[in-house]
Amino acid sequence: MPVNFPHFVRVDRDQRGGVGHYVVHAHDPRFALELAPDGDAPDGLGRGVIKRLCVPNSWAGDYGRYAKLLAKAQEFFAQSGEPLASTRGR
């Protein structure tokens, strides 16, 4: 059964040293999560390894609630599939 992710957006961005993978939650509470593909996962992508998290100051306190959102963001990353090929060099 597919999971519904109405507020998440994935951005794969060319940057120095490869492609950066970001999941953005575009509804309150807004946050951005930078992930690296999990090389140990069978598909080489997995749910991603968290590299960086950018959150508003209002996140101080209810960490259990936000942990659920981060888990959903990682699930969204896994279900969004392989990143597009790099456009570098075109």
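No lab work stands behind these numbers, since they all come straight from the coordinates. Quick caveat: nothing in here was measured; it's all calculated off a predicted structure.
A few notes on this one:
- Remark: the I50-R65 segment gains 3.6 nm on full extension, using 0.36 nm per residue and subtracting the alpha carbon distance.
- Computed from Cα positions, the angle between helix 63-79 and the longest principal axis of the chain comes to roughly 30 degrees.
- Near the amide H of G46, within less than 5 Å, lie the amide hydrogens of D38, all on another chain or at least 5 residues away, with H placed in the peptide plane.
- Only Cα pairs under 8 Å and 6+ residues apart enter the sum, and on that basis the relative contact order of the chain stands at 24 percent.
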